[in-house]
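Asks: Mind looking over this structure? Questions follow.
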Amino acid sequence: MDSPNQPVRRGRGTWAKRLGVAGALASTVLLAGCTKEQWEVGFLPVDSKGATSHTEHYIALWNGGWIAALAVGAVTWGLMLWCLVVYRRRKSDRGLPVQLQYNMPIEILYTALPIVLIMGFFFQTVHSLEHTIDDKTPGQEQIEVVGKQWSWDFNYMTENVHYAGVQANLDGTEAPGRNAPTLYLPANRDIDLQLRSRDVIHSFWVPAFLEKRDMTPGRTEHIHFKPLKEGEYVGKCAELCGEFHSEMLFNVKVVSYDEYKKYTAGLKAEGNEGRLGPEYDRTDWYQNPHEQKGAGE
C-alpha cells in the first residue's frame, strides 16, 4: 500500500552546491565586461557622474532601486529553483508530498519585508525629488531654450543675446551633430533653464544630465540646476515631432564663467541682441482657451 507522504530524501546539499557553483560562474561571466565607472553610475551614461547638481541624486536613487530589486529577485529565483530541483517528483515517489501551511514566521516575513521596501523607496524618492524636480533655486543665469521644427533657439536672457539654431543634417558619419546648435552653460552657476516650443510637442533631453522635459506649445517648463563638470555633452529631441525629428540634435558645452561671458559677448558683437520671442512661433492652429480674452468671466 502506498504511503501518503514522500520518503525522506537525501543528497539535497549536492544540488545546492551545484546551483551555487552554476550561479557564481554565470555571474562572473556577466560581470566580467563591466568597468568600475559603469558600476558606479548603475550603467547610466558614464559622463553623468558629477555632471550637474542633480545627477548624484538620480544615480543614488537608481542604484538603490536596482540593487534592492536584484537582491529580492535573487532570493526569489533561488527559492524557486531550489523547490523545482530538490522537491521535484521522481519515478520512485508515491502518494502526496508532505503538506505544510500556516508557517507564522514566514507569513510575517513576507508581509513585513515588502512594506519596509516600499517605505524605503518612497522616502528616498521624495528626498530625490526635493533636490531635483522640485528644485526652485533662483537662477543666476536665465536661459530660454525654444524647440522648433527641427532645431533649437537659445535665448540668453540675463545677457540679452540669442542664438538661432539651424537643423542638423545626418550625413552617415559617427558624429552627425558636430555642427549642430550648441548651448553654452557656465559651470558652478545656478541656471534657470526655461523650455518651450514654437510649434508642436518637443522634448529636451541631455542624456548625461539624466533629465528630460516635454516642451508643450503654450506652456513653459523649468529646470533649476547647477552644471558642475566642464565638458561637451550631446542632446536631442526625445519626442517624435515630425519628418526630421531624428535631425533635431544639439550640443551642450559647460565652460568656465569667463568663457561663457566671452561667448555671449561674441553673440552681441555679431548683432544677436535681444530675444527670439513668440513672434516667431507657428501656433495659428493652437488656441489655449485659458489665455483667450474674457475666458472664465
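The values are calculated or read from the model by the stated rules, or taken from the named source; none is laboratory data. Because the structure is predicted, anything quoted here is derived from the model rather than measured. Glycine gets a Cβ as well: all are built from the backbone with ideal geometry, and neighbour counts include every protein chain shown.
Asks: Taking S3 as the residue in question, decide whether it is modelled with pLDDT under 80 and in contact with a Lys or Arg (Cβ under 7 Å, 6 or more places away or on another chain).
Replies: Yes; evaluated as a whole, the condition is true for this residue.
Asks: Any residue that is crowded, with 18+ Cβ neighbours inside 10 Å and farther than 22 Å from F122 by Cα - is there at least one of those in the range 49-67?
Replies: Among the residues of the range 49-67, at least one is crowded, with 18+ Cβ neighbours inside 10 Å and farther than 22 Å from F122 by Cα, which makes the answer yes.
Asks: Among the numbered criteria (1) touching a strand residue (DSSP E or B) at 6+ places or on another chain (Cβ under 7 Å); (2) outside any strand (DSSP E or B); (3) among the aliphatic types (A, V, I, L, M), which single criterion is violated by V200?
Replies: Only one criterion is unmet by V200, namely (1).
Asks: Further question on the same structure: Answer with yes or no whether Y156 is of a type in the set (S, T, Y), in contact (Cβ under 8 Å) with a residue 60 or more places away in the chain and touching a Phe, Trp or Tyr at 6+ places or on another chain (Cβ under 6 Å).
Replies: In short, no.
Asks: Please go through the range 99-128 and pick out each residue that is surrounded by 10 or more Cβ atoms within 10 Å (Cβ to Cβ) and part of a loop (DSSP other than H, G, I, E, B).
Replies: N103
Asks: Is there a residue in the range 110-127 that is among the polar types (S, T, N, Q) and in contact (Cβ under 8 Å) with a residue 60 or more places away in the chain?
Replies: yes
Asks: Could you pull out the residue among D192, D214 that is within 25 Å of S48 (Cβ to Cβ), acidic (D, E), surrounded by fewer than 18 Cβ atoms within 10 Å (Cβ to Cβ) and outside the structural domain of I59 (by TED's automatic domain parsing)?
Replies: So the residue among D192, D214 that is within 25 Å of S48 (Cβ to Cβ), acidic (D, E), surrounded by fewer than 18 Cβ atoms within 10 Å (Cβ to Cβ) and outside the structural domain of I59 (by TED's automatic domain parsing) is D214.
Asks: Sticking with this one: Go through the residues of the range 183-191 one by one and say whether even a single one is on the phi < 0 side of the Ramachandran plot, among the polar types (S, T, N, Q) and outside any helix (DSSP H, G or I).
Replies: No - not one qualifying residue is present in the range 183-191.
Asks: Return yes or no: is L195 modelled with pLDDT of 95 or more and in a helix (DSSP H, G or I)?
Replies: The answer is no for L195.
Asks: If you don't mind, there's one more thing I want to ask. In the range 256-273, what residues are more than 24 Å from L228 (Cα to Cα) and part of a loop (DSSP other than H, G, I, E, B)?
Replies: Selection gives E270, G271, N272.
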